Amino acid sequence: MNQEVEHRMQYRVYVWMMAGIVLMSVFVMLVWLVQQSKMQTNMLVALSVQQQALVQSVKVKRKPVKAVQTLATPNPSTDVGTQAAPPSTAQGLLRQAFIRAQKLRKLAKSGAYQEAGKLIAPLKEEIWKASLKLPNKQKVALQKLMGVLDYTAGQLRKGKTGDTKTPLQTMKRVLDETDG
């Protein structure tokens, strides 16, 4: 009888150990499935962004090459605002804004604070229009530049440079992401 009780106890311990192993296995598989799901979601988002970029690049390629080259390499003697037809794609607007931001930085560094300050409003408008045509992550990144540009405008009014580097870096990163 004593051996039978001992045998039952060993059997219960064995069953509980197996149940613990099974529960641990189920937990590990559940964690793995959650990670796989997150990875697939991220991949789908990345593919969606790439697909949108591809669609945008196809739209851009349909435009005459001369107009695209004009935006990419502006003539320094002409004002950015007087170039040919304004771009309608996010990349075109962003490239135009990038050129304007480069000019803003150059003017601010050279001490032409009033001239640089005049570029803030059109720059903000171009960035905002471009952001509305981009996926959420890039849209948010560009729209956050509004505060940076407001700060820079205030600094320019005080005769200081402000932050002219952050807008350039952010726009370059977004352009790189959208160009694929």
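Scan the range 149-167 and report the pairs whose first residue is in the same structural domain as PHE98 (by TED's automatic domain parsing) and over 17 Å from GLU125 (Cβ atoms) and whose second residue is of a type outside the set (Phe, Trp, Tyr) and surrounded by fewer than 13 Cβ atoms within 10 Å (Cβ to Cβ), with Cβ atoms within less than 7 Å and a gap of 6+ or a chain change.
Final answer for the pair search is THR161/LYS109.
If ARG62 passes every condition in (1) loosely packed, with under 10 Cβ neighbours inside 10 Å; (2) within 25 Å of ARG173 (Cα to Cα); (3) at pLDDT 85 or above but one, which one does it miss?
Only one criterion in (1) loosely packed, with under 10 Cβ neighbours inside 10 Å; (2) within 25 Å of ARG173 (Cα to Cα); (3) at pLDDT 85 or above is unmet by ARG62, namely (3).
Looking at the range 116-163 only, could you name the residues that are of a type in the set (Ser, Thr, Tyr), over 25 Å from VAL55 (Cα atoms) and buried (at least 22 other Cβ atoms within 10 Å of the Cβ)?
Across the range 116-163, the qualifying residue is only THR152.
The values are calculated or read from the model by the stated rules, or taken from the named source; none is laboratory data. No experiment lies behind these values; they were computed from the predicted model shown. Note: ideal-geometry Cβ built from the backbone for every residue, glycine included; neighbour counts use all protein chains shown.
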